[in-house]
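The values are calculated or read from the model by the stated rules, or taken from the named source; none is laboratory data. Treat the numbers as computed from the prediction; the structure is a model and nothing was measured. Virtual Cβ from ideal backbone geometry, glycine too; neighbours counted across all protein chains shown. These area figures cover heavy atoms from the full protein model, side chains too; ligands, DNA and RNA do not enter into them. Shrake-Rupley method; radii C 1.70, N 1.55, O 1.52, S 1.80 Å.
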Amino acid sequence: MEGILLGLGLAVIIAYLWYVSLIKKRNTGREALSGIDVQLKKRSNLVPNILKIAQKFMDHEKSLLTEITELRTQAVAGYSDTDPDAVKKHLQVSEQLNQKMSQLMVSVENYPELRSDNTMLQAMQTYNEVEAQLSAARRFYNSAASELNTAVEIFPGSIIASIANVKVMPFYEADEAAKAPVDAADYLK
């Protein structure tokens, strides 16, 4: 009888420790996602300034500027960090905004007066710094998501995770356009 109670007590302690581990991993994932959001907020605050400067010079790029504005609005919209689908959509919008901003930065090269504008140069430099910080935040997030997902998907973590309502988190992934090969000839015209 004593052995059964000891075994049962040990099983409860192990299950509790596993539960604590899952919750810590989930919270680390949320913290990492929050780090991405902080960098996205910095970028979103910078985007209108870049667009205002660019609008003075870039009459032919109005559709690109409009797309960036719309994506920025979507990127700063709230979402549930406990819903994997909402997180995935949020990260996808972030990547789309990144792609359009990259297009804008390439387009700036076609406007010598804009390229030489000190305010634009400072804004572009700040934007590049924020993108570097965002890249680091994405790596941290993917690492945290990997750890959580592994713990959630492996037995007995899968059972404990389903009881505790801990779900896998989506990885940050670049969209297909970012994965496409670059043709240098497009930029050397």
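A few comments on the model shown:
- When Ala151, Ala161, Ala180, Ala145 are screened for being modelled with pLDDT of 90 or more and under 18 Å from Glu95 (Cα atoms), only Ala145 passes.
- Among the candidates Asn149, Asn110, the residue that is open to solvent by 50 Å² or more (accessible area, probe 1.4 Å), of a type outside the set (A, V, I, L, M, F, W, C) and either on the phi < 0 side of the Ramachandran plot or under 17 Å from the mean Cα position of the chain (by Cα) (or both) is uniquely Asn110.
- Among the residues of segment 73-93, those that are free of Cβ contacts under 8 Å to residues at least 60 places away in the same chain, in a helix (DSSP H, G or I) and open to solvent by less than 60 Å² (accessible area, probe 1.4 Å) comprise Ala75, Ala86, His90, Val93.
- Verdict on Asn27 being modelled with pLDDT of 90 or more, among the polar types (S, T, N, Q), under 26 Å from the mean Cα position of the chain (by Cα) and closer than 30 Å to Ser146 by Cα: yes
- Cβ-Cβ under 7 Å pairs, at least 6 apart or on other chains, segment 1-20 side at negative phi, far side surrounded by 10 or more Cβ atoms within 10 Å (Cβ to Cβ) and outside any helix (DSSP H, G or I): Trp18/Pro156
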